[in-house]
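To start, the structure itself, in structure tokens.
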Protein chains: 2
Amino acid sequence: MNDRKEFRDLAEPEDAREAISSLDLAPETERVPLVDARGRVLAERLDADRDVPGFDRASMDGYAVQARDTFGADEADPAILDLVGEVHAGEKPAVEVGDGEAVEISTGAVMPSGADAVVMVERTDEREDGVEIRTSLAPGDHVMLAGADVSAGQRALGPGARLTVREIGLLSALGVDEVPVRGKPRVGIISTGDELVRPGNPLSDQSGQIYDVNSYTIATAVEEAEGEPILYPHAGDDYDEMERLLLEAAKECDLVLSSGSTSASAVDVIYRVIEAQGELLLHGVAVKPGKPMLVGRFPGSAYVGLPGYPVSALTIFRTFVAPAIRNAAGVPEPTTATIGARMAVEERYGEGRMRLMPTGLVEDENGRALAYPVDKGSGATTSLVEADGVVTVEPDTAYLAEGESVEVRLFSPDVRPPSVFGVGEDDPALSRLLDELDSPRYLALGSREGLRRLRNGVPDFAIATNTETDAPTNTPEDASEGTELASYSREWGLVVPAGNPEVIEGLADLVERDLTFVNRGTDSGLRTTLGNAVADLADERGTTRHELVESISGFEMTVKAHESPARKVAAGSSDAGLGLRSTAEKLDLGFVSLGEERVRVLANPARERKDGMEELKNALDSELVGVLGDLPGVRP
Amino acid sequence: MNDRKEFRDLAEPEDAREAISSLDLAPETERVPLVDARGRVLAERLDADRDVPGFDRASMDGYAVQARDTFGADEADPAILDLVGEVHAGEKPAVEVGDGEAVEISTGAVMPSGADAVVMVERTDEREDGVEIRTSLAPGDHVMLAGADVSAGQRALGPGARLTVREIGLLSALGVDEVPVRGKPRVGIISTGDELVRPGNPLSDQSGQIYDVNSYTIATAVEEAEGEPILYPHAGDDYDEMERLLLEAAKECDLVLSSGSTSASAVDVIYRVIEAQGELLLHGVAVKPGKPMLVGRFPGSAYVGLPGYPVSALTIFRTFVAPAIRNAAGVPEPTTATIGARMAVEERYGEGRMRLMPTGLVEDENGRALAYPVDKGSGATTSLVEADGVVTVEPDTAYLAEGESVEVRLFSPDVRPPSVFGVGEDDPALSRLLDELDSPRYLALGSREGLRRLRNGVPDFAIATNTETDAPTNTPEDASEGTELASYSREWGLVVPAGNPEVIEGLADLVERDLTFVNRGTDSGLRTTLGNAVADLADERGTTRHELVESISGFEMTVKAHESPARKVAAGSSDAGLGLRSTAEKLDLGFVSLGEERVRVLANPARERKDGMEELKNALDSELVGVLGDLPGVRP
């Protein structure tokens, strides 16, 4: 183990930023067809090389005339002109307009020689002996002169102009069908780790394989930063393979990113490849997460090594790498990439190095953003979905007070705070109801955690269960837990294999017989309900709850989600699991009913009137009965 | 002309919105590879069908142990365990951990059977007789349990979720490589008009041809609204051709848009095709611009007819059509699509119908947006570049007061107010200097208009000229015109064909000889300078300025841009044109010098400290001398 690399002399984050900005990521200018130019950045100034319009042009349907022939004309005393021809848009005029003459003309047509004004058709009438003009015109009326819109030689667009719909319109008018634009930096992505498997392929849990997350998140983040991502195959920890892949990517790309070498040995391999083939500028940064970051260069390409955990990799990418890619691409960061918020809770630090804190957002009743730390380990991919972005906490910050202003760097400019945010019991009916809402966030962390967080005031609502024997109405204690918006009952019990081969009839079987059981975690309301039932059974038998629990094999084997025990049963690894009738039926398993428990939807009183909560209430009013009707074992 | 369609019974804008929202634009759900899913909208909820991680996983490099073997261990009194093997990430453990045993483990590896905790390598030392553990562990330390991140059966993402980097990370972790997403509405675009030519092809000015702008702007705007644009060939006004194209597009698309039929006769053709082949819901809307809007449907496709002028077409698209496309695509309008601003000037109305006012934006010293109307005819494509968006003015609004709050619907969510906004004289040196600035807007409308607008307080700076005989220092009058930031001289005179074949020596030749001349417009400072020179010559000769002007053939023939007279000379259509030495040399023409005039850069005193103005001042300080050195006929 002594050859493992440790990071003792960490660089300051500012040095890492400087090292990355010293790298040359700038791609060459390219020429793209106008139809593909949206969002690109003009590489050089473009001057108009023609007049727009290229000719004096009628801007109305009507008659081209000599203005002086209409002087004094009005409704009462119209001028009568001879109609000598017509000219349509896209035609070369075949006639001239002499004294006392008019030519019918359509919008966009070339002004015939001699004419200097157009009278709109609404102010005229055709008569047998000519055209009646019921208004006076000045020279130039309803005529757009050649070059009036754009003149040849005029500066049309400057270098660095972002090509949006407007600029594409101007370039079209000038007849430009291909434009010189800044190239997009090509960014090679190499995920390292022998355990990685690309999504869509089979996975062996026994061998410790996991799906590759970083390749896809970093590629997406590169696109969002206006770079062009190129995915390379996974590299294991083998020196030769790593060297071959890194050099191939360095040859083809402006920047090579690696990730996934969280084990020190893999970092060591990359470290050695870079020292042998390029130059290492920086090794280890005083930032959490992201300590093992590398910055260097190969001949012809820059290099940054990202940490392996997805949230860490993305956080470091967004903080240090994305700005450099945007800069090379010539595009500013979108204004939506950061959002100002106030801390929803106090948060303490004491680490002495910069912290990039994954942060969730929730809106208060006035639509202002509140930020709260998302406290999952950086290995958790769900942090990505539960957090909206990152708050940078400087090393000398001891704590962030509740209400303090922070700037949240969003994981993507498209990220929006959820419309409504709930925490609590995992429940199939609620889960279906969420499908009716605009963009809800719901963390199924159990009833206990839901109630705890609701008391802290962060979520908009919580879901918690009570057994039917609990007081069903609002007691003073309930009031402190929030306002009950709705409640319904669900049938719980033991999920057993289809056909119930062990003929399990109730809890007593688990206690008395040699059966294996899978439980839920202690945060789960269902687990509390089970605990109460065990206590009741103990009372009945004149023994202790502890005694009964000890005799249930697997009572302490807890799994996270409400379907997990049932899935263990389905997989044949347990005889019974704690679960709901609806889950058992969904998975075609047997079910031994042990009772009903009540699921309660509790609102944060400070948020009851926010839009997302109104939407939730509407859904509860209009959809809950239908959802309950579709699921077995539930009722209002 | 009596068969021309007139729009007498106009629908209210709200009815147009309703008619469009009654159309069915919704495309079918499609499945896309995860790598192409960025920005797409999930069509249905996705539940996790596996645990993440799929196994109990070490979250540190170190040793897997039984926690109870470390109870009481610390730096002073370490526990010594037997090292019985190792397990790396991606490997199936080949050993078990028994009492008093440890297994070396790397981050991400499967926990070997028997072990319930991991001690991090930093708290250990390998010794000859085993591993020294210098800390106590609790069961579960540095172990991520199977399903701890995501559990099988858990709701992963709901319908309508926008797939950003976060969601793509979660889907990767679940092994999903293809996702069901809402289809993008297919939007067919047909520009109509016999005069249209696609950019990149040659154009005949004589025949009144112009480049097609709408096809490209509407296609770009459709992409920005998350639809998929499909360009069809141009249609002329021929019934059969129009019918064939419209039906082809209707068959292939969810929505067909036409534009360009501003002439009533073309609208009539479309009108007749729709009445024959589909259903016309609405014909003409009480909105300016955009009166001749059509809404209808073909079998299998919706239809909207846009006005022909580019700004009008885009305005109507953004106001009425884009929301319907976004709605069908399931994506909200970006928050950057509108911006709040205050009116920089008062604006009066009296039209009695809704007005969609093209609006420019400029930022005040505090970075707040000010809005001003862009008063070009809707036929002008440059309005697209000079305006940033549209303000909707309701029919009953008589005026918008200076300082009044308005909401500007940007032409594109990527549009940003310019960093600095100037108006005034067209000048090659200034034009080059603008290339050094971040995102300037400069309207070359002449010195007079520049000074007028500076007095009104809208632009940040103006460019104006003085002849050298004018007072060069700040007089009280100058002060009212703004603060002079810099000035330089440019040589002006007559641009003549190369070699000066007519041997023109000065103004006297234009007066005395039968030569044709091209002038600039009266807003141009250069024209004023010429006027002064003519007046001086008149004084010299004891005649009037008017008399001399009358004897110059073409004195009243004015063209817009500073290069335009020279280009007329180059094209052989004139003997001499008013212009600058730098222009003559650029176009390889001859030049007869008539003097020097001073170009002054004048700042709006209320904006001098805004960032863009600081950038302008820096560029003037550091770049102006270099720019002047590169151009003939200019000097500091």
Within segment B:555-569, work out how many residues are more than 19 Å from residue B:590 (Cα to Cα), open to solvent by 10 Å² or more (accessible area, probe 1.4 Å) and assigned to a loop (DSSP other than H, G, I, E, B). 3
Might you let me know whether segment B:216-228 holds any residue that is touching a residue at least 40 places away in the same chain (Cβ under 8 Å), closer than 21 Å to residue A:167 by Cα and assigned to a strand (DSSP E or B)? yes
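Suppose we filter segment A:378-396 for residues that are assigned to a loop (DSSP other than H, G, I, E, B) and at pLDDT below 85; how many remain? Outline the logic, then answer.
Step one: list which residues in segment A:378-396 are assigned to a loop (DSSP other than H, G, I, E, B), which gives A:378-381, A:387-388, A:394-396.
Those still in the list that are at pLDDT below 85 too: A:378-381.
The qualifying residues number 4.
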Note on segment A:8-39: residues within 14 Å of chain B (Cβ to nearest Cβ) and touching a Gly at 6+ places or on another chain (Cβ under 9 Å) are A:8, A:33, A:34
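The rows are residues; the columns are (1) assigned to a loop (DSSP other than H, G, I, E, B); (2) within 60 Å of the chain's Cα centre (by Cα); (3) at pLDDT 95 or above; (4) under 25 Å from residue B:196 (Cβ atoms).
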| residue | (1), (2), (3), (4) |
| --- | --- |
| A:73 | yes, no, no, no |
| A:82 | no, no, yes, no |
| A:91 | yes, yes, no, yes |
| A:102 | no, no, yes, no |
| A:113 | yes, yes, no, yes |
| A:119 | no, yes, yes, no |
| A:122 | no, yes, no, no |
| A:126 | no, no, no, no |
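So that you can scan it fast, the table gives a plain yes or no per residue for (1) closer than 12 Å to residue B:233 by Cβ; (2) more than 7 Å from chain A (Cβ to nearest Cβ); (3) in contact with a His (Cβ under 6 Å, 6 or more places away or on another chain):
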{"residue": "B:190", "(1), (2), (3)": "yes, yes, no"}
{"residue": "B:204", "(1), (2), (3)": "no, yes, no"}
{"residue": "B:210", "(1), (2), (3)": "no, no, no"}
{"residue": "B:213", "(1), (2), (3)": "no, no, no"}
{"residue": "B:220", "(1), (2), (3)": "no, no, no"}
If residue A:175 meets every condition in (1) in contact (Cβ under 8 Å) with a residue 12 or more places away in the chain; (2) more than 7 Å from every other protein chain (Cβ to nearest Cβ); (3) surrounded by fewer than 24 Cβ atoms within 10 Å (Cβ to Cβ) apart from one, which number is that one? (2)
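For (1) at pLDDT below 90; (2) not assigned by TED's automatic domain parsing to the domain that holds residue A:606, each residue gets a yes or a no:
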site: A:364; (1), (2): no, yes
site: A:376; (1), (2): yes, yes
site: A:398; (1), (2): yes, yes
site: A:405; (1), (2): no, yes
site: A:409; (1), (2): no, yes
site: A:413; (1), (2): yes, yes
site: A:428; (1), (2): no, no
site: A:452; (1), (2): no, no
site: A:463; (1), (2): no, no
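Of these, B:166, B:182, B:162, B:155, which one is within 30 Å of residue B:50 (Cβ to Cβ), open to solvent by 10 Å² or more (accessible area, probe 1.4 Å) and without any contact (Cβ under 8 Å) to a residue 24 or more places away in the chain? Lay out the reasoning, then the answer.
On the way: B:182 fails: without any contact (Cβ under 8 Å) to a residue 24 or more places away in the chain; B:162 fails: without any contact (Cβ under 8 Å) to a residue 24 or more places away in the chain; B:155 fails: without any contact (Cβ under 8 Å) to a residue 24 or more places away in the chain.
The unique qualifying residue is B:166.
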With the condition being hydrophobic (A, V, I, L, M, F, W, C) and open to solvent by less than 10 Å² (accessible area, probe 1.4 Å), I'd like the strands (runs of 3 or more DSSP E) fully within segment A:240-330 carrying at least 2 qualifying residues. A:255-259, A:294-298, A:301-305
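Filter segment B:128-149 for residues that are among the charged types (D, E, K, R) and more than 11 Å from every other protein chain (Cβ to nearest Cβ); which is nearest to the chain's Cα centre (by Cα)? Working first, answer last.
Restricting attention to segment B:128-149, the residues satisfying the condition of being among the charged types (D, E, K, R) are B:128-129, B:132, B:134, B:141, B:149.
The next check asks that each one be more than 11 Å from every other protein chain (Cβ to nearest Cβ); those that pass are B:128-129, B:132, B:134, B:141.
Numbers: B:128: 69, B:129: 70, B:132: 64, B:134: 61, B:141: 53 Å.
Step by step, filter segment B:128-149, then rank; the result is B:141.
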Among the residues of segment B:537-553, is any modelled with pLDDT under 95 and within 14 Å of another protein chain (Cβ to nearest Cβ)? no
At pLDDT below 95, among the basic types (Lys, Arg), under 30 Å from residue B:102 (Cα atoms) and open to solvent by 60 Å² or more (accessible area, probe 1.4 Å): which single residue out of B:68, B:17 fits that description? B:68
Checked pairs for segment A:575-598, first under 19 Å from residue A:488 (Cα atoms), second basic (Lys, Arg), C-beta under 7 Å and 6 or more apart or across chains, list as A:580/A:490; A:593/A:581; A:596/A:490; A:597/A:490
Yes or no: segment A:302-317 includes at least one residue that is at pLDDT below 90, closer than 30 Å to residue A:396 by Cβ, small (Gly, Ala, Ser) and under 27 Å from the mean Cα position of the chain (by Cα). yes
I need the full set of residues from segment B:420-439 which are surrounded by fewer than 24 Cβ atoms within 10 Å (Cβ to Cβ) and touching a Pro at 6+ places or on another chain (Cβ under 8 Å), in order please. B:434, B:435, B:439
Identify the single condition in (1) within 30 Å of residue A:290 (Cα to Cα); (2) modelled with pLDDT of 90 or more; (3) part of a loop (DSSP other than H, G, I, E, B) that residue A:4 does not satisfy, given that it satisfies every other one. (2)
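Among the listed residues B:230, B:218, B:274, identify the single one that is touching a Cys at 6+ places or on another chain (Cβ under 8 Å) and either on the phi < 0 side of the Ramachandran plot or of a type in the set (Gly, Ala, Ser) (or both).
Values: B:218 fails: touching a Cys at 6+ places or on another chain (Cβ under 8 Å); B:274 fails: touching a Cys at 6+ places or on another chain (Cβ under 8 Å).
That would be B:230, the only listed residue that is touching a Cys at 6+ places or on another chain (Cβ under 8 Å) and either on the phi < 0 side of the Ramachandran plot or of a type in the set (Gly, Ala, Ser) (or both).
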For the condition among the aliphatic types (A, V, I, L, M) and surrounded by fewer than 19 Cβ atoms within 10 Å (Cβ to Cβ), what is the one hit in A:589, A:537, A:526, A:578? A:537
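Only one residue in A:199, A:185, A:159 is facing chain B (nearest Cβ under 7 Å) and under 27 Å from the mean Cα position of the chain (by Cα). Which one?
Working: A:185 fails: facing chain B (nearest Cβ under 7 Å); A:159 fails: under 27 Å from the mean Cα position of the chain (by Cα).
Of A:199, A:185, A:159, the one residue that is facing chain B (nearest Cβ under 7 Å) and under 27 Å from the mean Cα position of the chain (by Cα) is A:199.
Modelled with pLDDT of 95 or more and open to solvent by 20 Å² or more (accessible area, probe 1.4 Å): does that describe residue B:497? Walk me through how you get there before you give the answer.
Details: modelled with pLDDT of 95 or more: yes; open to solvent by 20 Å² or more (accessible area, probe 1.4 Å): yes.
Yes, satisfied.
The values are calculated or read from the model by the stated rules, or taken from the named source; none is laboratory data. None of these values were measured; they are calculated from a predicted model. No Cβ is skipped: glycine too gets one built from the backbone with ideal geometry, and neighbour counts run over all protein chains shown. Just the protein is used for accessible areas: all its heavy atoms, side chains included, with ligands, DNA and RNA removed. Shrake-Rupley method; radii C 1.70, N 1.55, O 1.52, S 1.80 Å.
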